[in-house]
Amino acid sequence: MAAARLAVVCRHVTPRRLEAAVSGGEILESKTGGVVVVGGMNRDIIAWAQGEISAGSSNIGEVNGTWGGVAHNIALCLSHLRQAPIFLSVIGNDTVGASALRHLEEKGINVLCVRSERSCQYLALLTSGGDLVASVADMASMKSLTPLAINRKLSTSLHFKSSRIVVADGNLSHLSLEALCNLVSMQSKAAVLFEPTSVEKAVRGTALWSRGLIHMISPNQLELKVMAEAIESRSSRHIQVSNVKFSEKVVKSLSANKLPPLSSLAHLKTLLSALPDHHQDLSYHIILTRGKDGVLLVSSVEGRVYISHVPAIEVKTSEIKSASGAGDTLIGAMIWHLLRSSKVTSLRNISTTEMIKALKCGVKAATLTLKSSASVSSEVSPSNILGH
């Protein structure tokens with residue numbers, strides 16, 4: 001029964017229904033040429049320990065199930081903000097997959113699904129304060145999202161060709177990510193944002209960043225480190241890191257706003273230095289997420305380097321339900337702001353000023369998700385983000 005329903009829904013929950021996408025009984029904005037999100041969706045099983053975690057023993061706590069996956073969470077955030085995204089992912093041919101499609105349909109997320117035998121699932125253990133202790137990600141089915149599958153699903157899509165930004169998470173293999181970036185380069189004028197997802201998967205985007213095919217990346221400090229190390233080890237040319245300088249004024253400003261470790265600044269310089277010279281008419285942005293220390297935005301805009309700090313909103317420890325999904329919510333809300341800004345005509349060339357405005361919206365949305373046990377808080381909405 002599940003397989004039969006899956007086959008029916010996969011035929012009908014497609015971009016053809018974009019103009020009438022419904023979320024919570026309201027018609028979504030028909031900005032169907034706005035966003036394409038490609039990557040993982042999984043069933044999340046999240047466990048919170050009530051007290052201090054005791055290894056090798058059963059711990060009293062709370063266990064909940066929700067829908068997750070970095071790409072899914074970004075698409076869900078956009079849906080909450082009345083932006084109908086196109087979502088390309090792998091959906092299992094099982095009961096979990098059938099439930100996933102019902103969820104996507106209910107949220108107004110327009111899915112292009114690649115079939116696999118079973119669904120992806122994710123198990124996480126959190127402290128009582130919501131910090132991640134350990135997790136297990138069963139994402140083997142993502143191998144079904146091959147370069148051929150990506151080309152088949154997107155190359156004939158008018159919505160893909162008219163999109164303004166394409167988001168890819170680290171669940172794509174290097175070859176699939178490369179196929180996606182090449183397809184964007186050939187058929188679209190969209191910017192590409194890469195969300196590294198994990199330390200292990202972060203390196204999949206480094207070569208494409210160095211070629212100028214990825215325009216935005218959103219690593220944390222550990223992911224930034226492995227990306228920089230991968231660039232240094234694989235580079236066939238000497239990277240002139242000395243060409244990237246942070247002014248004394250910038251460093252003093254950052255010192256007042258909890259400057260990241262000097263090693264992180266070195267890694268940022270490595271990534272900026274790896275950008276190709278022939279793309280200096282475009283903008284490239286590193287969105288370094290730092291938890292309670294906010295976001296560090298490092299940008300190369302038409303060949304000039306800018307660095308800015310966007311502080312986090314203080315949240316009491318007692319108010320935090322889960323940090324899982326907060327970073328994805330930040331990226332989704334940031335994209336939403338960029339798409340609605342009249343001052344942003346191309347997402348391949350965004351000023352630092354507009355990026356900061358967008359990130360402030362992202363921080364507001366991420367704060368709401370921190371206070372929720374859901375992967376994206378139901379409180380995320382245009383009125384709550386804009387403050388009216």
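Coordinate-derived values only; no laboratory data. Keep in mind the model is a prediction, meaning the values are calculated, not measured. When we count neighbours, we look across all protein chains shown, and the Cβ atoms used for this are built from the backbone with ideal geometry, even at glycine.
A few remarks follow.
- Long-range lysine pairs (8 or more apart or interchain), the range 312-384, Cα under 26 Å: 12
- The modelled label-to-label distance for the pair T353/L158, using points 7 Å beyond Cα in the direction of Cβ, is 3.6 nm.
- Backbone geometry of the range 51-62 corresponds, through the Karplus equation with coefficients 6.51, -1.76 and 1.60 at θ = phi - 60°, to 3J(HN,Hα) couplings of x, 5, 6, 10, 5, x, 9, 6, 10, 6, x, 9 Hz, x marking Gly and Pro.
- Per-residue HN-Hα couplings for the range 116-129 [Karplus 6.51, -1.76, 1.60; θ = phi - 60°; Hz; x = Gly/Pro]: 9, 5, 9, 7, 7, 9, 9, 10, 10, 10, 10, 6, 4, x
- Loop-located GluC sites (Glu not before Pro) in the range 80-178 (DSSP state other than H, G, I, E, B) with a sparse environment of at most 13 neighbouring Cβ atoms within 10 Å: E117.
- For q = 0.13 Å⁻¹, Debye-computed log10 I/I(0) when each Cα of the range 303-388 counts as one equal scatterer: -0.43
- When only Cα pairs below 8 angstrom with a gap of at least 6 residues are kept, the range 134-195 shows a relative contact order of 41 percent.
- Efficiency of FRET from Cβ geometry, N220 and A55, R₀ 35 Å, rounded to 0.05: 0.90
- Spin-label pair N64/E106, simplified geometry with 7 Å Cα→Cβ offset, distance in nm: 1.4
- Percent RCO, i.e. relative contact order, over the range 298-370, from Cα pairs under 8 Å lying at least 6 residues apart: 45
- Centre separation in Å (Cα based) which lies between the range 310-330 and the range 182-210: 26
- Cα-based equivalent ellipsoid, the range 307-347: semi-axes from gyration tensor eigenvalues, Å: 27, 13, 8
- Projected over every direction and averaged, the convex hull enclosing the alpha-carbon atoms of the range 74-146 yields 5.9 nm².
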